[in-house]
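Single-structure report; data block below.
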Amino acid sequence: MNVGFVGLGNMGSRMARNIVANGTAVIGFDPVRENVERSGAVAATGLADVARRCDVILMSLPSSAVVEDVVFGPDGLEHALRQGSVVVDLSTSAPESTRRIHARLARQGARYVDAGVSGGAAAAEKGSLTLMVGGDESAVEVVRPVFALIAAKVFVMGGPGAGHTAKLLNNFLNGINLSAAAEVLIAGAKAGLDVGRLLEVINASSGANWATENRFPSIIRGDYLEGGLTSALMMKDLLLYVEHLRELGVPSLHASGPVAAFGVALHTDRGEQISNRVVDALGDLAGGVRLHAETNERKPES
């Protein structure tokens, strides 16, 4: 199986490295040449080159608009795809766009699988991601051996778009947990509580969640776990969730909190920083509160 990879940024490069480390060559394309080199992939000359050479093509891209351009643009994948090839979207994309791409590629004899990713940069580094997958069963089976190189858990959620729907629902809870926990710990700090002790209480009680258990133990030591989802991408995911619920006819009564919190992060020039730094955006609103000594901050990964 010849594997292609388009989009070799923070997440894509880590996934590609795991595939290469397990003995499978990757034909990679990214507009930033250094990203291709960092991933261990063999550089493609362009998208058409990836499509011509590969049976399976993975994409890890920032938005549905970019995904559609990569697939359908003037130099896009669709113009050179092999019959029966499988294109896998590992991005956080709009389910409606995903279903549209699936239908169009199917008419050309290619297959499309949506695979929402969870676990962040740390899990991508270890090859222990969780995947939420949608698509035709036969196409999913073709790419299972590749999924095994990047993920510890693979959940097939249904037909085209089901994986990306599950991803949006999960990411919304991620946004709520992170922003709400940030607010609570800032309040605890301003009330004079020991935030480490408060975090222990929360994690032994009913308020425990992924953010309090897996993020804030590092954040309160000044380690923001750099390299993961940025606040700008978190905001993009939150708005995709709200739009999807509008399409479903489901009220979104809890979106205002995380949207406001990450909006503050964006408007204080933290959009391209890891979403964990939303805690500092909220801390600024509370009068400059920090959960750690500034001198303890770890430098971002290069």
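The values are calculated or read from the model by the stated rules, or taken from the named source; none is laboratory data. These numbers come from a predicted model, not from an experiment. Neighbour counts run over all protein chains shown; Cβ positions are idealised from the backbone, glycine included. To get the accessible areas, we keep the full protein, side chains included, count just its heavy atoms, and leave off ligands, DNA and RNA. Shrake-Rupley method; radii C 1.70, N 1.55, O 1.52, S 1.80 Å.
For helix 10-21, report the angle its Cα long axis makes with the longest principal axis of the Cα atoms of the chain; keep it between 0 and 90° and round to the nearest 10°.
The answer is roughly 50 degrees.
Tell me, what ³J(HN,Hα) does each residue in the range 89-99 have, in order and in whole Hz, if you take phi through Karplus 6.51 cos²θ - 1.76 cosθ + 1.60 with θ = phi - 60° and put x for Gly and Pro?
Each residue's phi maps through the Karplus curve to give 9, 8, 7, 9, 10, 6, x, 4, 5, 4, 5 Hz.
Once Rh is set to the Kirkwood radius over Cα pairs, what Stokes-Einstein translational diffusion coefficient, in µm²/s, holds for the range 1-87 at a temperature of 4 °C and a viscosity of 1.567 mPa s?
On the way: Rh = 12.5 Å.
Reported coefficient: 104 µm²/s.
For PHE5, which sequence-distant residues (separation of 5 or more, or a different chain) have an amide H within less than 5 Å of its own amide H, given hydrogens modelled in the peptide plane?
When sequence neighbours closer than 5 places are left aside, the close amide H contacts are ILE27, GLY28, PHE29, LEU58.
So what is the 222 nm mean residue ellipticity for the chain from helices alone, if each DSSP H run of at least 4 adds -39500 (n - 2.57) and you divide by all residues, rounding to the nearest 500 deg cm²/dmol? The partial results should precede the final answer.
Working: 14 runs with 153 residues, N = 302.
Dividing the helical sum by the residues of the chain leaves -15500 deg cm²/dmol.
Provide the packing ranking of 64-76, 195-207, i.e. peptides ordered by the mean count of other C-beta atoms within 10 Å per residue, highest first. Walk me through the intermediate numbers first.
Details: 64-76: 17.1, 195-207: 14.6.
In descending order of packing, they fall as 64-76, 195-207.
Taking θ = phi - 60°, what integer Hz values does the Karplus form 6.51 cos²θ - 1.76 cosθ + 1.60 yield along the range 192-205, in sequence order, with x for Gly and Pro?
These are the phi-based 3J(HN,Hα) values: x, 7, 6, 5, x, 5, 4, 5, 4, 4, 4, 6, 9, 10 Hz.
Can you tell me how much longer the chain between ASP75 and ALA260 gets when fully stretched, taken as 0.36 nm per residue apart minus their C-alpha distance, in nm with one decimal?
On the way: separation 185, 0.36 × 185 = 66.60 nm, distance 3.81 nm.
That pair, ASP75 and ALA260, stretches by 62.8 nm at full extension.
Considering amide H positions built from the backbone, and no H for Pro or chain starts, which residues 5 or more places from GLY158, or on another chain, come under 5 Å of its amide H?
Distant-sequence amide H within range of GLY158: GLY135.
Specify which labelled value, from [x] 17.5, 54; [y] 20.0, 64; [z] 18.7, 58, agrees with Rg and Dmax of the Cα atoms in Å derived from the coordinates of the model shown.
Label of the calculated value: [y].
Mind ranking 281-293, 18-30 by how tightly packed they are, going by the mean number of other C-beta atoms within 10 angstrom, highest first? Spell out each step's value before the answer.
Working: 281-293: 16.0, 18-30: 19.2.
Top to bottom by mean Cβ count within 10 Å: 18-30, 281-293.
Can you list the residues, at least 5 places off or on another chain, whose amide H is less than 5 Å from the amide H of VAL113, using H built in the peptide plane?
HN-HN under 5 Å from VAL113: VAL87, VAL88, ASP89.
Size of the dipole of the range 185-245 about the Cα centre, Lys and Arg at +1 and Asp and Glu at -1 on the beta carbon, nothing else charged, in debye to 20? Before the final figure, lay out the partial values.
Values: 5 positive and 7 negative charges, 32 e Å.
Rounded to the nearest 20 debye, it is 160 debye.
How far, in degrees from 0 to 90, does helix 231-248 lean away from the longest principal axis of the Cα atoms of the chain, to the nearest 10?
With rounding to tens, the tilt is 70 degrees.
Highest first, please rank the peptides 266-279, 243-256 by the mean number of other Cβ atoms sitting within 10 Å of their residues.
Details: 266-279: 19.6, 243-256: 12.3.
The peptides rank, most packed first, as 266-279, 243-256.
Over the range 157-302, with the other protein chains present, what is the accessible area per residue in square angstrom, probe 1.4 angstrom? Walk me through the numbers on the way to the answer.
On the way: 7130 Å² over 146 residues.
Per-residue value: 49 Å².
By how many nm would the segment from ASP269 to SER252 lengthen if fully extended, with 0.36 nm per residue of separation less the alpha-carbon distance?
Values: separation 17, 0.36 × 17 = 6.12 nm, distance 2.71 nm.
Full-extension gain reported as 3.4 nm.
Apply the Karplus curve 6.51 cos²θ - 1.76 cosθ + 1.60, θ = phi - 60°, to the phi angles in the range 165-178 and return the couplings in whole Hz, x for Gly and Pro.
Values, residue by residue: 5, 4, 4, 4, 5, 5, 5, 5, 5, 4, x, 5, 4, 5 Hz.
State the percentage of accessible surface on the chain attributable to carbon and sulfur atoms; use a 1.4 Å probe and exclude ligands, DNA and RNA. Write out the running numbers ahead of the final one.
Numbers: 7290 of 13370 Å².
Of the solvent-accessible surface of the chain, carbon and sulfur hold 55 percent.
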